[in-house]
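Here the structure is laid out as structure tokens; the discussion comes afterwards.
The values are calculated or read from the model by the stated rules, or taken from the named source; none is laboratory data. Every value quoted in this text rests on a predicted model; they were computed, and no experiment measured them. Glycine also receives a Cβ, built like all others from the backbone with ideal geometry; neighbour counts cover every protein chain displayed.
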Amino acid sequence: MAEEIYAARSGSGHSGRLLGEFRRTVLLVPLSEGDGGGLMSGWQGGVRWIYAFTDEEALARFVVARGAGAGAGAREWEYLSILGARLVDAVIPTVEGPTGVAVDVADEDGSMLFPPVVGIVPDACAVDAGPDRAEAV
């Protein structure tokens, strides 16, 4: 997945390959501590972004960037391992409002956003789906 993200960010990638790799990749999604163990997410631009990571090292960089790393107040971060396809096809439809996936958000040169648009999330959840498209689901 990291190679496809790098290729896409450098302009030499192909969006179809990137999306295919995303769907086939097992992602680590941290669980929120405060809301009964739901998936950790953040809000930006009117979209809920579910945080997902390609490996434990990427998740650890996120923990450190949030200031919740090593030290006396450190906690163990629980996470869900889930295929990218299952995350967008089964989980996102259960979330209220526009929802996308933010992969490896603590990696400035290795992060990638998968927004809630047609071709990434189910059409019924896509912000750019027209009324005809949504009814076809």
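Quick notes on this one:
- Of all residues making up segment 85-105, the number that are crowded, with 18+ Cβ neighbours inside 10 Å, part of a loop (DSSP other than H, G, I, E, B) and either of a type in the set (Val, Ile, Thr) or more than 11 Å from the chain's Cα centre (by Cα) (or both): 2
- Condition met for Ile82 (closer than 13 Å to Tyr51 by Cα and either at pLDDT below 95 or assigned to a strand (DSSP E or B) (or both)): yes
- Residues in segment 7-31 that are basic (Lys, Arg) and either surrounded by fewer than 16 Cβ atoms within 10 Å (Cβ to Cβ) or free of Cβ contacts under 8 Å to residues at least 60 places away in the same chain (or both): Arg9, Arg17, Arg24.
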